[in-house]
1. Would you please name the trypsin sites (Lys or Arg not before Pro) within region B:345-408 that are DSSP coil residues with at most 13 other C-beta atoms within 10 Å of their C-beta?
2. Please list, in order along region A:16-30, the HN-Hα scalar couplings obtained from phi with the Karplus expression 6.51 cos²θ - 1.76 cosθ + 1.60 (θ = phi - 60°), rounded to whole Hz, x for Gly and Pro.
3. Given H placed 1.01 Å from N in the peptide plane, which residues other than close sequence neighbours of B:Tyr242 have an amide H under 5 Å from its amide H?
4. Got a number for the accessible area of B:Tyr521? Probe 1.4 Å, square angstrom, nearest 10.
5. Identify all lysines with a Cα-Cα distance to B:Lys377 below 16 Å; exclude those on the same chain that are fewer than 8 residues away in sequence.
6. Do the alpha carbons of any pairs in A:Lys13/B:Lys207; B:Lys329/B:Lys459; A:Lys11/B:Lys296; B:Lys258/B:Lys296; A:Lys125/B:Lys585 sit beyond 20 Å of each other, and which pairs?
7. How far apart, in nm, are the 7 Å Cα→Cβ label points at B:Glu660 and B:Asp375?
8. Looking at the square roots a ≥ b ≥ c of the eigenvalues of the Cα gyration tensor of the protein assembly as shown, which shape do they give, rounded for a/c under 1.5, prolate if a/b is larger than b/c, or oblate?
Amino acid sequence: MPLYSITVNGKLKNVEVSSDTPLLWVLRDHLELVGTKFGCGIAQCGACTVHLEGNAVRSCSLTMDAVDGKSITTIEGLSENGTHPVQEAWKELDVPQCGYCQAGQIMTASAFLDKNPKPSESEIKAAMHGNICRCAAYTRIFKAVELAATKIS
Amino acid sequence: MSTPSITFSRRSFIRTSSLASGGLLIGFNLFTACKPKVTPPVDISQLNFNDFNAFIKIADNGAVTIFAPNPEIGQGVKTSMPMLIAEELDVAWDNVYVQQGDLDTNNYTRQLAGGSQSIRFGWEPLRQTGATARQMLVNAAAIKWGVDPSECTTSEGVITNASGDTLGYGDVVKEAALLEVPENVTLKASKDFKIIGSDAKNVDLEKIITGKPLFGLDYKVDGMVYAAVLRPPAFGKVLESYDATEAKAMPGVIDVIKIGEKAKELTKEENSNWTVAMSTSDKVVVIAKTTWEALKAKEAIKANWVTETPLESTQDQDQKLLALLDGNKFNTLRKDGDIKKAFAQAEMVLERTYESPFLPHNCMEPMNFFANITDEKIHLVGPVQTPEFAANAVAGMLGRDVNEVHLEMTRMGGGFGRRLYGDFVYEVAEIANVIRKPVKVIFSREDDMTAGTYRPAIKYRIKAAVKDGQVTAYHLKEAAANGNMYGLIPNFFPAGAVENYQVDVANYNSSITTGAWRAPYTNFLAFAEQSFFDELAETMKVDRIQLRLDLLQKVKGTTDKRIEYSPERMENIIKVAVEKSGWGKKESGIYQGFAAYYCHNTHVAEVADVIIENGMPVVKKVTCVVDCGIVVNPLGAKNQIEGGIIDGIGHAMYGDLVFEDGAPQSQNYNNYRLIRMMEVPEIETHLIQNELSPTGLGEPTLPPAGAAVANALKAATGNRFTQQPFSKFPEMMQTKSAPKTIIG
Ligand code: FES
Ligand code: FES
């Protein structure tokens with residue numbers, strides 16, 4: 001089995017897995033970073049969203065072949081103590097219900113605000129449209145992205 | 001559903017002990033008395049949930065830890081139930097730490113999250129527990145000071161006497177632990193509540209937003225292996241043979257085994273107390289070192305399936321249900337007056353049939369469970385809404401003593417009723433029993449959606465008679481698949497309001513496994529009933545709000561104990577909703593739809609505002625009024641309320657699971673549509689303030705949402721939806737025929 005090295009939350013990691021293994025399962029099963037969640041496995045729900053070189057990507061649909069040598073940030077590495085402005089906004093508004101989708105929501109929102117720190121209402125909705133929340137905490141997710149934007153700029 | 005009366009003396013459900021490490025431990029049981037001889041342990045690592053189903057620890061520095069008895073599925077009970085204890089204990093909420101209690105059961109009662117009942121059943125006993133603990137601390141302080149306890153007051157964990165001396169709770173825990181448990185304590189008047197009614201954040205908030213392991217899928221122990229299960233591709237098919245040669249040769253695969261023998265015990269007639277919803281087929285299981293390797297190797301198994309029972313298609317189901325409605329094989333659940341006569345004498349009759357599809361639960365966290373079985377012990381860990389039941393069933397199925405079962409609950413990535421059924425627990429127990437290694441069974445999304453315990457399709461036919469401007473008869477017929485949605489509806493609105501009233505129900509046995517789904521019984525009935533009244537008002541040419549109010553008027557002062565809803569509370573929410581939503585006063589271009597409904601002990605009114613954007617109707621806003629008694633945690637409550645409404649709209653608009661020859665035609669989110677951000681309306685919530693006991697909020701805002709939207713769509717497009725999901729009828733979303741103003 002091929003050997004891959006990736007940088008995860010600033011640390012270099014080597015893993016030996018078959019080349020088609022999705023990044024999601026390397027994070028969860030090999031690197032014990034279980035904050036990134038499995039929801040669908042086919043890039044449809046966003047639960048597995050991480051940052052790849054700063055861009056929000058679906059880790060369930062990226063093979064290790066595709067990420068070898070690259071730098072990845074997961075929810076565990078987004079900030080030191082949950083103090084990223086997006087996490088702060090999430091706390092302030094008490095967003096989660098069951099909480100399962102929320103790491104993915106936060107990772108999508110943080111990458112989005114990085115590129116578009118002053119988004120319009122419809123830009124926020126479009127950016128978050130790819131992340132399913134089965135508990136439908138959508139109204140708070142929306143408000144939290146709005147609030148995070150004010151914290152960033 | 002009536003509230004069971006809860007009477008017991010405090011002495012019978014509370015015991016205390018002194019912790020070896022310092023501090024006081026209070027063990028208590030909700031809804032059951034303690035065994036006569038037990039006392040709580042003196043070491044916190046020895047908490048025994050067989051003896052007590054919950055504990056409060058007060059450390060000698062005054063810190064309070066509550067071991068919360070209910071599993072968390074996203075309803076916030078892990079936050080709101082401890083709030084009740086903390087209120088009466090009179091401590092600052094910020095100093096309270098909440099931990100999920102394990103289960104070691106057969107004494108764990110009502111440790112079940114479902115039916116929006118947790119808060120309703122916990123309301124009295126949890127407060128009494130807190131108040132009893134507080135009184136013991138006060139008594140201990142009073143003895144120290146040599147004063148009468150009645151001279152002492154408490155606030156935020158500090159006891160003060162008449163001369164102004166103070167003692168922290170931590171200072172007296174040692175003495176308190178030795179005192180008698182007081183028999184009579186008084187509860188606070190609701191005006192004195194400091195914690196109840198204030199906003200409290202989710203107790204797991206910090207962990208959730210930083211990605212800490214909390215959920216079943218995150219649980220891991222050394223040496224754990226993963227199991228992916230190949231189940232029948234269609235309901236009605238069973239395993240005949242399989243070839244796992246290729247799968248066994250794949251990387252990471254440890255073994256491929258067959259299970260099913262043990263689970264069959266559970267589905268046998270004589271074990272019907274377990275009424276498990278699962279296939280009787282054998283299943284093929286891949287055991288691998290990682291999740292991915294297990295899921296991938298499962299795809300490589302070649303299995304032959306044979307048809308054992310008829311393979312149902314959606315078309316067959318529709319025909320069967322319609323035939324039931326047309327037929328005469330009904331059970332009559334309620335019969336007032338003589339509907340036959342009233343229909344014969346009517347000036348006008350309206351009859352409509354309402355139809356709904358099967359729905360999967362689609363919890364965001366797919367089903368999964370951990371088991372480790374040895375000769376001594378059965379260790380089970382994971383997300384299940386019925387831990388006690390699951391523990392008993394596993395013990396029964398494996399022929400073991402239930403005292404050997406240790407079940408730990410994790411946070412759950414959604415429940416919606418799916419995790420009431422322990423099929424995944426029985427699967428992993430059978431696997432672990434064979435391989436004797438710590439193992440976790442994991443469902444892919446496809447497994448989760450195709451091996452469900454679905455909300456069954458259901459159809460209602462409602463018929464009303466009108467004479468002299470009055471509704472003189474109401475006839476509700478129900479046709480259901482299986483028993484989950486069957487026959488529990490006779491005393492909802494408008495029972496008691498119409499002189500000639502009848503509810504008839506019929507069902508057939510489907511081979512598809514079905515179960516409870518968020519807001520069971522009412523999740524579709526509300527749509528049928530509230531759509532019907534909207535249309536009835538139009539047909540009668542009367543105001544649609546006034547029609548409802550007039551009917552409610554007739555129920556006031558009723559002596560009929562069977563009636564489930566309160567006409568007064570219903571009237572109130574309707575009036576508040578009319579006012580808050582600007583009903584009938586909106587500028588042109590906003591089309592409103594109304595629904596008011598009682599279910600799960602809560603009264604809810606919703607008004608949907610629809611506008612036309614690019615020629616298509618769009619739900620812009622929902623105004624919601626909720627009467628759920630005292631609101632324990634308004635911040636959490638609003639989250640539940642909003643979630644319920646959006647979930648209700650989403651499933652009414654898009655939810656549809658079609659079967660062909662027993663096989664679900666949707667397997668993942670690429671061909672099953674859930675509501676997403678851009679389809680979500682603004683939601684404005686109004687909570688009715690009163691001093692009535694609290695009721696749950698996990699469910700009641702969902703049922704009326706579909707009706708409010710359908711009624712608004714009627715106003716916007718002129719078309720009336722009687723079938724869900726609405727997205728199946730794109731032509732009805734066209735607004736050509738739209739009236740320019742709102743009717744009624
Ligand atoms: S798990 Fe990757 S998008 Fe759903
Ligand atoms: S909070 Fe439960 S899925 Fe989003």
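The values are calculated or read from the model by the stated rules, or taken from the named source; none is laboratory data. Quick caveat, the model's predicted, so the values are computed rather than measured. Backbone-built Cβ (ideal geometry, glycine too); neighbour counts: all protein chains shown. Just the protein is used for accessible areas: all its heavy atoms, side chains included, with ligands, DNA and RNA removed. Shrake-Rupley method; radii C 1.70, N 1.55, O 1.52, S 1.80 Å.
1. Numbers: sites: B:Arg352, B:Lys377, B:Arg400; in loops: B:Lys377, B:Arg400.
Those that pass, being in a loop and sparsely packed, are B:Lys377.
2. 10, 9, 5, 5, 8, 5, x, 3, 3, 6, 5, 4, 6, 8, 9
3. Excluding prolines and chain starts, which carry no amide H, the hits are B:Asn304.
4. Answer for B:Tyr521: close to 60 Å² accessible.
5. By straight Cα distance, B:Lys377 reaches B:Lys437.
6. Numbers: A:Lys13/B:Lys207 24 Å; B:Lys329/B:Lys459 15 Å; A:Lys11/B:Lys296 29 Å; B:Lys258/B:Lys296 17 Å; A:Lys125/B:Lys585 29 Å.
Violating the 20 Å limit, Cα to Cα: A:Lys13/B:Lys207; A:Lys11/B:Lys296; A:Lys125/B:Lys585.
7. Reported label-point gap for B:Glu660 and B:Asp375 is 5.3 nm.
8. Details: a/c = 1.39, a/b = 1.09, b/c = 1.28.
Rounded.
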